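These notes are about the structure you will find just below.
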């Protein structure tokens with residue numbers, strides 16, 4: 001599957017969330033920008049740092065008319081524990097079947113400690129109010145990432 005690129009329409013999805021509701025990307029069209037970030041696993045160090053930085057940026061994201069959504073293949077139950085433990089103020093979406101991680105091209109072969117396996121490559125997609133991908137961050141380094149995303153939105157989507 002070819003990689004998604006800036007300027008393309010974001011693939012639609014509907015996934016269960018920690019809000020108890022199914023979250024659908026089309027529901028944000030015409031209303032909010034979306035920061036859709038994919039992460040490998042709940043409660044791991046890098047994923048916790050990333051989630052907490054987006055949590056801490058929530059007020060500014062709201063001012064920027066932007067909804068943050070976190071996605072991994074973990075279950076809703078796992079997401080609920082992760083969200084509760086760290087007081088996450090945005091929905092986490094469960095892609096247990098892997099269809100969304102595959103449609104966004106983030107389910108890839110990874111090499112960890114000399115062993116090759118499939119997994120989520122930490123990635124973020126900034127989607128505008130019309131549903132167009134405006135920025136793609138691949139192989140994200142979590143330190144400073146939420147700030148980088150906010151600055152992009154502030155400079156390009158207001």
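The values are calculated or read from the model by the stated rules, or taken from the named source; none is laboratory data. Keep in mind that what you see is a predicted model, and the values were worked out from it rather than measured. With ideal geometry, Cβ positions are generated from the backbone for all residues, glycine too; neighbour counts draw on all protein chains shown.
Looking only at residues in region 37-54 that are assigned to a helix (DSSP H, G or I) and touching a helix residue (DSSP H, G or I) at 6+ places or on another chain (Cβ under 7 Å), the one that is modelled with the lowest pLDDT is 48. For region 61-70, indicate whether the set of residues that are in contact with a helix residue (DSSP H, G or I) (Cβ under 9 Å, 6 or more places away or on another chain) and part of a helix (DSSP H, G or I) is non-empty. Yes, that holds for at least one residue. For region 61-92, the tally of residues that are out of contact with any strand residue (DSSP E or B) (no Cβ under 9 Å at 6 or more places or on another chain) and touching a residue at least 24 places away in the same chain (Cβ under 8 Å) stands at 4.
Name the residues in region 93-106 that are assigned to a loop (DSSP other than H, G, I, E, B), more than 11 Å from the chain's Cα centre (by Cα) and touching a residue at least 24 places away in the same chain (Cβ under 8 Å), would you? Can you show your working first?
Filtering region 93-106 for residues assigned to a loop (DSSP other than H, G, I, E, B) gives 95-98, 104-106.
With more than 11 Å from the chain's Cα centre (by Cα) added as a condition, the list becomes 95-98, 105.
Those that are assigned to a loop (DSSP other than H, G, I, E, B), more than 11 Å from the chain's Cα centre (by Cα) and touching a residue at least 24 places away in the same chain (Cβ under 8 Å): 95, 98, 105.
Evaluate the following for residue 74: is it buried (at least 18 other Cβ atoms within 10 Å of the Cβ), in a loop (DSSP other than H, G, I, E, B) and in contact with a helix residue (DSSP H, G or I) (Cβ under 6 Å, 6 or more places away or on another chain)? The answer is no for residue 74.
One residue stands out among those in region 125-158 that are surrounded by fewer than 11 Cβ atoms within 10 Å (Cβ to Cβ) and more than 18 Å from residue 50 (Cβ to Cβ): the one that is modelled with the highest pLDDT, which is 155. When residue 122 is tested against (1) under 17 Å from residue 11 (Cβ atoms); (2) crowded, with 20+ Cβ neighbours inside 10 Å, just one condition goes unmet, and that condition is (1). In this structure, is residue 21 surrounded by fewer than 18 Cβ atoms within 10 Å (Cβ to Cβ) and over 16 Å from residue 92 (Cα atoms)? So residue 21 does not fit the description; no.
Residue check: is residue 20 in a loop (DSSP other than H, G, I, E, B), without any contact (Cβ under 8 Å) to a residue 40 or more places away in the chain and either over 19 Å from residue 150 (Cα atoms) or in contact with a helix residue (DSSP H, G or I) (Cβ under 6 Å, 6 or more places away or on another chain) (or both)? So residue 20 fits the description; yes.
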